[in-house]
Amino acid sequence: MQRSVEINAEVAGRTGGGKGFHYLHWRSKLELSIDCFICERTNRTTVLEVGAERALCSGSRSGIPGHYTAARIAAFDVTSGEDRLALRAVVSFWWAPFHDSRSGHRNAAPTLHPWVRLHIGYECPEDADEPGTASIATNMARPASESCGQCGGTVVTSEQTPTIRLLD
């Protein structure tokens with residue numbers, strides 16, 4: 001059966017230009033923990049990319065390598081203000097009941113411990129030729145900040161944990 005989750009996040013940081021400010025934007029990649037019916041493992045980190053028709057499951061730690069799985073980003077909506085950046089993403093994935101092949105636990109949709117990592121790109125005003133990246137995740141202590149790899153200044157701050165909500 002097909003399931004969908006909605007992910008919402010908001011961060012503080014400059015989205016427009018200006019002296020001393022980093023230009024922020026959401027990157028088109030995200031990582032989400034879902035239960036994978038292909039390798040029959042729960043809580044797998046799944047890497048999704050906007051526009052891709054399938055995702056990459058991390059596989060199992062016991063020798064089964066990563067593999068493609070039936071999941072995709074169905075919506076990726078960005079809202080920005082002068083000093084905030086918001087994201088609403090919908091991930092659609094196939095789900096079937098199973099028991100984890102290693103632990104024997106029954107799976108759930110979404111997984112019992114949902115987790116997401118969202119990626120942010122930025123340009124440093126001191127070196128615009130070398131773009132930087134940062135990320136926020138649900139398991140970070142709040143408030144969480146990321147610093148610029150070039151100038152050391154604060155690029156982005158996350159005050160609230162991204163939310164994950166099952167839609168259907």
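At a probe size of 1.4 Å, how large is the accessible area of Trp94, to the nearest 10 Å²?
Accessible area of Trp94: about 120 Å².
What list of ³J(HN,Hα) values in whole Hz, one per residue of the stretch 83-94 in order, does the Karplus curve 6.51 cos²θ - 1.76 cosθ + 1.60 (θ = phi - 60°) give from phi, with Gly and Pro shown as x?
9, 8, 9, 10, 9, 10, 10, 10, 10, 10, 8, 8
Using θ = phi - 60° and the Karplus form 6.51 cos²θ - 1.76 cosθ + 1.60, what ³J(HN,Hα) does each residue of the stretch 155-165 get, whole Hz, x for Gly and Pro?
Per residue, the Karplus-derived 3J(HN,Hα) values read 9, 8, 10, 10, 8, 10, 5, x, 9, 10, 10 Hz.
Going by average Cβ neighbours within 10 Å, how do the peptides 123-131, 68-76 rank, with the highest at the top? Don't skip to the answer; put the middle values down first.
Working: 123-131: 14.2, 68-76: 17.9.
Taking the mean over residues of other Cβ atoms within 10 Å, the ranking is 68-76, 123-131.
Apply the Karplus curve 6.51 cos²θ - 1.76 cosθ + 1.60, θ = phi - 60°, to the phi angles in the stretch 137-146 and return the couplings in whole Hz, x for Gly and Pro.
Listing the rounded values in order: 9, 5, 8, 8, 5, 10, x, 10, 10, 10 Hz.
Quick check: convex hull of the Cα atoms in the chain, volume per residue, rounded to a whole Å³?
So the per-residue Cα hull volume is 121 Å³.
Taking the Cβ of Ser4 as the center, what net charge do the other residues with Cβ under 11 Å away carry, scoring Lys and Arg +1 and Asp and Glu -1? Before the final figure, lay out each step's value.
Numbers: positive: Arg3, Arg72, Arg165; negative: Glu6, Asp168.
The answer is +1.
First measure r as the distance between the Cβ atoms of Thr79 and Ile38, then evaluate 1/(1 + (r/R0)^6) with R0 = 35 Å and state the FRET efficiency to the nearest 0.05. Before the final figure, lay out each step's value.
Values: r = 34 Å, r/R0 = 0.98.
According to the calculation, E is roughly 0.55.
So if I average 1/r over every pair of distinct C-alpha atoms in the stretch 98-142 and take the inverse, what Kirkwood radius in Å does that give?
After inverting the pairwise mean of 1/r, the radius is 13.9 Å.
Taking only protein heavy atoms and a 1.4 Å probe, what accessible area per residue, in Å², does the chain have with all protein chains in place?
That works out to 52 Å² for each residue.
Could you list which residues have their amide H under 5 Å from that of Ala52, counting only those 5 or more apart in sequence or on another chain, with H placed in the peptide plane?
So Ala52 has HN proximity to Ile73.
Can you tell me, using C-alpha contacts under 8 Å and at least 6 residues apart, the relative contact order of the chain as a whole percent?
Rounded, it is 30 percent for the chain.
Ignoring ligands, DNA and RNA, what percent of the 1.4 Å accessible area of the chain is carbon and sulfur?
47
The values are calculated or read from the model by the stated rules, or taken from the named source; none is laboratory data. Treat the numbers as computed from the prediction; the structure is a model and nothing was measured. All Cβ positions, even for glycine, are placed from backbone atoms using ideal geometry, and neighbour counts span all protein chains on display. Keep in mind that these areas ignore ligands, DNA and RNA; they rest on the heavy atoms of the full protein, side chains included. Shrake-Rupley method; radii C 1.70, N 1.55, O 1.52, S 1.80 Å.
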